[in-house]
1. Tell me whether the range 371-385 contains one or more residues that are in contact with a strand residue (DSSP E or B) (Cβ under 7 Å, 6 or more places away or on another chain), over 30 Å from Ser92 (Cβ atoms) and either modelled with pLDDT under 90 or basic (Lys, Arg) (or both).
2. Please go through the range 375-392 and pick out each residue that is touching a residue at least 60 places away in the same chain (Cβ under 8 Å) and either out of contact with any Leu (no Cβ under 9 Å at 6 or more places or on another chain) or surrounded by 14 or more Cβ atoms within 10 Å (Cβ to Cβ) (or both).
3. Taking the condition of being at pLDDT 80 or above, within 15 Å of Ser43 (Cβ to Cβ) and outside any helix (DSSP H, G or I), how many residues in the range 163-207 meet it?
4. What number of residues within the range 54-99 are in a helix (DSSP H, G or I), modelled with pLDDT of 85 or more and within 30 Å of the chain's Cα centre (by Cα)?
5. Tell me yes or no: at least one residue of the range 20-28 is over 26 Å from the mean Cα position of the chain (by Cα), over 21 Å from Ala372 (Cβ atoms) and in a helix (DSSP H, G or I).
6. Yes or no: the range 130-142 includes at least one residue that is basic (Lys, Arg), at pLDDT 65 or above and within 30 Å of Glu266 (Cβ to Cβ).
7. May I ask you to list pairs of residues, at least six apart or on different chains, whose Cβ atoms are under 8 Å apart, with the first in the range 240-262 being in the same structural domain as Ala372 (by TED's automatic domain parsing) and the second being acidic (Asp, Glu) and surrounded by 24 or more Cβ atoms within 10 Å (Cβ to Cβ)?
Amino acid sequence: MKAAKGAGIYALRCTANGKIYVGRTCNFKRRLAAHVCGLRRGSHVNLHLQRAWLLYGEESFTFDVVEAVEDANARREREAVLARALGALDPSTGFNLKDPGTDLPEMLDPPKPEGAELPPPGEAPAPTPARRSAPSLSDETRQKMSKVRKGKPKSAETRLRMEVSAEQRKGGCSFNWDHVNAIRKAYTNSLYHRQGGIALLARHLELPYNKVYKIVILSRWSDGTSGDSPEPFQGGYLHVIAGPMYASKSTELLRLLGRAKGEGREVLCVKPELDTRRDLSRVTTHSGRQMDAVRVGSSRELLSLVGERGVSVLGIDETQFFDKDLPEVCETLTREGVDIYACGVNLDYKGRPFGVMPILMAQADSIDHRVAFCTQCGHPATRSFRVPAHDQGEQVQVGSNGVYEARCRLHWHPGQM
């Protein structure tokens, strides 16, 4: 999607379901970039637009300039007229949450639940006195220190404490560890466990979105430690990301691998040869995020790949398609100190355990069980539904948009398959 500079009314259309979002802007290019950024991150304030983006993918959306209008008051009036004329206010044909012709939204944020309260800001810490410069170290000592630290990244808890403390020392910020605990406590409410939930939490707590997002993301995955232990596991560890189709499993996998790259670790991402969707040489998410990947025919190939490349972090996409040797291979690699992130569908379209996923989940050091949104009612979905028109009767059938849907228990019916 591309847009030129200019002011006026625009339309964001989903070609897959025919729905439309109408808005106004003083700069088409900047507004398009803001929409795409929020949708790719899964934090767009319009939940209906976000769900369609995750379900149908970025390639199903188009951005069009409907009318160029320079005057701000005229833009407001034309937005209201065109939103009604194009059906953007009708839930069956549009994504708009409120009528531009009124100041009252038709769909308000859910009320703030109990426990989503922010403590009063603490006093800014006293400035830290300057430290003496450390005596110079010999090259031999530096090499020894580097060897000891290599492959032992700080825990998420430690990194978060360091960031909060550094921010306070740098700018005298009133944001402190009590605010971090308040955000974590509020996030335990299931109201915020959905696309756009972090943005809703930020509005309820009246805090900047970037602070809330960082704390939630760092706290969402527990590394199994208490306190600030720098070595959470002996050897490597296995983290499994499981859930139905369209649950942002691959997005979370790429986020974890990107974080490991940022720590200077050697990362390898692999995918099974059976997965022929989209780009064969990359892992591509429904939100458009990508990472280079190696296609693997059998689990045993991972042993040689990891050894040849000196990999310390291994990411496995579409784990359910791998052969039965994968659990044994993962056990071998973790004993050698390799950290493994594996994501996959835990139940097939008939609700049966899928491939090696149940064994890996039993062996895992930590599990991130994710949910999607039901295409029928919008509630949390834990099942993958195969559209009957595309059902070939086999458990393994590679497909995406149009072949599978995410559904809740109420709208998932194995008898229809």
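The values are calculated or read from the model by the stated rules, or taken from the named source; none is laboratory data. This is a predicted model, so every value here is computed, not measured. Cβ coordinates were reconstructed from backbone atoms using ideal geometry, including for glycine residues, and neighbour counts include every protein chain displayed.
1. no
2. Taking the range 375-392 and keeping what is touching a residue at least 60 places away in the same chain (Cβ under 8 Å), we get 375, 378, 380-384.
Selection gives Thr375, Pro380, Ala381, Thr382, Arg383, Ser384.
3. Of the residues in the range 163-207, 1 are at pLDDT 80 or above, within 15 Å of Ser43 (Cβ to Cβ) and outside any helix (DSSP H, G or I).
4. Of the residues in that region, 3 qualify.
5. Looking through the range 20-28, at least one residue is over 26 Å from the mean Cα position of the chain (by Cα), over 21 Å from Ala372 (Cβ atoms) and in a helix (DSSP H, G or I).
6. yes
7. Pairs found: Ser250/Asp317; Leu253/Asp317; Ala260/Asp339.
Residues are listed down the side, and each one gets a yes or a no for (1) at pLDDT below 85; (2) buried (at least 18 other Cβ atoms within 10 Å of the Cβ); (3) more than 25 Å from Val283 (Cα to Cα):
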position	(1), (2), (3)
Gly224	yes, no, yes
Gly227	yes, no, yes
His239	no, yes, no
Leu257	no, yes, no
Glu263	yes, no, no
